[in-house]
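Below is one structure, written out as structure tokens, with a few remarks after it.
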Amino acid sequence: TGELQKLLASGDGEVRVQAAMNRVRFTLGETSIWSKLVADVYPNYNAVIPKNLSEGVVFEREVLLEKLDRVSALVQNDASSVRLTVDESLATLSSNIRSSEASESKDEFEVKYSGAPVVINFKPEYLAQALKCIDDDTVEIAFTEGFRAAKITCSVPFVYVFMALRMD
């Protein structure tokens, strides 16, 4: 889809779409992109979307992305993560670095939340990827416990599931 998006953004004009058997072709001007169509039964993705989520935190998307970028600047290896702590209307993002050489980064900000305190550890790039795809001012991160899968939603049709990390 990345190449198709580049093609669509690169020019004006009509895009021709042609499908045959197990292939599809998109043509704009002199450029064509071929793709193979999946012939198998698509997996039931609804099975991995968490249900009955008891808590949800509403964030200003740009604020969360900015804070996440700042805090995750120190997270540079696979053993490190970011910790999100939410208690009443205050969220704290902090680096969770598994190295004696690194210093910690921490940032606090207000959110809309009224549930029990929660702590979620996660890889910052996974959350950042979702936030960059959303074209909405606010997002909700819903969860049941801090070490299970969480779901990100917003006012547009978008669902993103990410796994929290279990930290010792």
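The values are calculated or read from the model by the stated rules, or taken from the named source; none is laboratory data. Model, not experiment: these values are computed from the prediction. Neighbour counts are summed over all protein chains in view; Cβ atoms, including those assigned to glycine, are modelled from backbone coordinates with ideal geometry. Just the protein is used for accessible areas: all its heavy atoms, side chains included, with ligands, DNA and RNA removed. Shrake-Rupley method; radii C 1.70, N 1.55, O 1.52, S 1.80 Å.
Brief remarks follow.
- The phi-based Karplus calculation (6.51 cos²θ - 1.76 cosθ + 1.60; θ = phi - 60°) puts the 3J(HN,Hα) values of the stretch 32-48 at 10, 10, 9, 9, 8, 7, 6, 9, 7, 6, 6, x, 6, 5, 4, 5, 9 Hz, whole numbers, x for Gly and Pro.
- Within a Gaussian network of the chain (alpha carbon springs, distance under 10 Å), most fluctuating of V17, V63, V119: V17
- When DSSP beta bridges are restricted to pairs lying wholly in the chain, around 100% turn out antiparallel.
- Sparse packing (at most 14 other Cβ atoms within 10 Å of the Cβ) combined with a DSSP loop state is found for the following trypsin sites (Lys or Arg not before Pro) in the stretch 25-55: K51.
- Sum of -39500 (n - 2.57) over DSSP H runs of 4+, divided by residues of the chain (222 nm, nearest 500): -5000 deg cm²/dmol
- Point-charge dipole on Cβ atoms (K/R +1, D/E -1) for the chain, about Cα centre, debye to 20: 740 debye
- Principal axes of the chain: Cα extent on each, largest first, Å: 53, 37, 29
- Sequence-ordered 3J(HN,Hα) estimates for the stretch 60-73 from the Karplus curve with 6.51, -1.76 and 1.60 and θ = phi - 60° stand at 6, 4, 5, 5, 4, 5, 5, 5, 4, 4, 5, 5, 7, 4 Hz, glycine and proline given as x.
- Stretch in the chain that is longest and holds no GluC sites (Glu not before Pro) that DSSP places in a loop and that have at most 11 other beta carbons within 10 Å: 31-100
- Solvent-accessible area per residue for the chain (1.4 angstrom probe, square angstrom): 66 Å²
- The modelled label-to-label distance between S89 and N22, using points 7 Å beyond Cα along the C-beta direction, is 5.7 nm.
- Close amide H contacts of S105 (hydrogens built in the peptide plane, cut-off under 5 Å, sequence separation of 5 or more or a different chain): S95.
- Within the accessible area of the stretch 13-68 (1.4 Å probe), percent carbon and sulfur: 53 percent
- Here's how it looks for K112: its modeled amide H is under 5 Å from those of V58, which are all 5 or more places away or on a different chain.
- Residue among Y42, Y113, Y126 with the largest mean-square fluctuation in a Gaussian network model of the chain, springs linking Cα atoms under 10 Å: Y42
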